[in-house]
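Below is one structure; the comments refer to it alone.
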Amino acid sequence: MVKEKLIILRIQNSKKEDWQKHCAKRNISLTSLIINSVEGRILDDERRKIIVFIEKQDNLFVKIETNINQVAKIVNGQKFISEIELKKFSEKLSEIAILKKQQNETFEKIYSLLAK
């Protein structure tokens, strides 16, 4: 992307300092703050937080899937699972499937925001 034009804003020094402090806290540039705010885009620091959130969610489901595999190995080794335990396990699997679907829907919304 080639920068073609320069825009000069006139604001009080104190306001500029406030904006710069705000940007420093969020680890973003003043240019990014202004452009993304005007264009209604998600700010870079928010984008980073979202990416971290997505990675944490993904890691959580990996742990759950690992636990499911461990239970399956135990059941396969014992060749038995009580009806009560099987029902509990099935209920938990159904809950996980619902949560995974909700997570994927949320991720789709997040990705569409990130694409702006």
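A few notes on this one:
- Any hit, segment 3-17, residues being surrounded by 10 or more Cβ atoms within 10 Å (Cβ to Cβ), out of contact with any strand residue (DSSP E or B) (no Cβ under 6 Å at 6 or more places or on another chain), among the basic types (Lys, Arg) and closer than 29 Å to residue 108 by Cα: no
- Against the numbered list (1) of a type outside the set (S, T, N, Q); (2) under 30 Å from residue 33 (Cα atoms); (3) in contact with a helix residue (DSSP H, G or I) (Cβ under 8 Å, 6 or more places away or on another chain), residue 71 comes up short only at (2).
- Of all residues in segment 38-67 being under 19 Å from residue 99 (Cα atoms) and surrounded by 13 or more Cβ atoms within 10 Å (Cβ to Cβ), the one that is farthest from the chain's Cα centre (by Cα): 64
- Residues in segment 29-76 that are farther than 27 Å from residue 87 by Cβ and of a type outside the set (Phe, Trp, Tyr): 30 in all.
- For segment 17-38, residues that are touching a residue at least 12 places away in the same chain (Cβ under 8 Å), assigned to a helix (DSSP H, G or I) and of a type outside the set (A, V, I, L, M, F, W, C) total 2.
- For segment 55-112, filtering for residues that are of a type in the set (Phe, Trp, Tyr) and on the phi > 0 side of the Ramachandran plot leaves 0.
- Neighbours by Cβ (under 7 Å, 6+ apart or cross-chain): first from segment 80-103, closer than 14 Å to residue 65 by Cα and in contact (Cβ under 8 Å) with a residue 24 or more places away in the chain; second surrounded by 10 or more Cβ atoms within 10 Å (Cβ to Cβ) and of a type in the set (A, V, I, L, M): 96/64
Read-outs throughout are calculated quantities, based only on the coordinates presented, and are distinct from any laboratory measurement. Computed from a predicted structure; not experimentally measured. All Cβ positions, glycine included, derive from the backbone under ideal geometry; neighbour counts span all protein chains shown.
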